[in-house]
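Below is one structure, written out as C-alpha cells; the observations come after it.
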Amino acid sequence: MHGATGAGSLLLFLPVLGSGSLGHSLLYLGAFAVGSTLAMAALTTLIARAGQRLQAQTLSKLRQSMAAASVVLALVLWLRA
C-alpha cells in the first residue's frame, strides 16, 4: 500500500514548510502520525473481523481472487504507462 501512494507523502510536508512555526509543524506531524496509525489499526481490525467470520475455504478463494485481480490491475497499469 505504501508504495502506491506516489507523491502523496511529499504533499505531507507542504503544510510543515509553509507553517513557519516549529510548534505548528510538530503538532501537524504528530497529529498526522496519530491519525494515520489509528486509521491503519481500524482497517486492520475490520479486515481481521471479516476474516474470522469467513470459512477457511471461502477465505482461500477470496485471497486467490484478490491476488489475481491485483496482477491484472498491475498489468493494465503497466501497459498504460
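The values are calculated or read from the model by the stated rules, or taken from the named source; none is laboratory data. Predicted, not measured: the structure shown is a model, and the values here were computed from it. As a convention, Cβ positions derive from the backbone with ideal geometry for all residues, glycine included, and neighbour counts pool all protein chains shown.
Looking only at the range 26-81, residues that are among the hydroxyl-bearing types (Ser, Thr, Tyr) and within 17 Å of the chain's Cα centre (by Cα) come to 5 in all. In the range 34-57, the residues that are without any contact (Cβ under 8 Å) to a residue 60 or more places away in the chain form Cβ pairs under 8 Å with partners that are part of a helix (DSSP H, G or I) and surrounded by 10 or more Cβ atoms within 10 Å (Cβ to Cβ), at six or more places apart or across chains, as follows: 51/59; 54/62. Total residues in the range 29-80 satisfying the condition of being among the aromatic types (Phe, Trp, Tyr) and in contact with a Leu (Cβ under 9 Å, 6 or more places away or on another chain): the figure is 1. The helices (runs of 4 or more DSSP H) located wholly in the chain that include 2 or more residues which are modelled with pLDDT of 85 or more occupy 22-53, 56-80.
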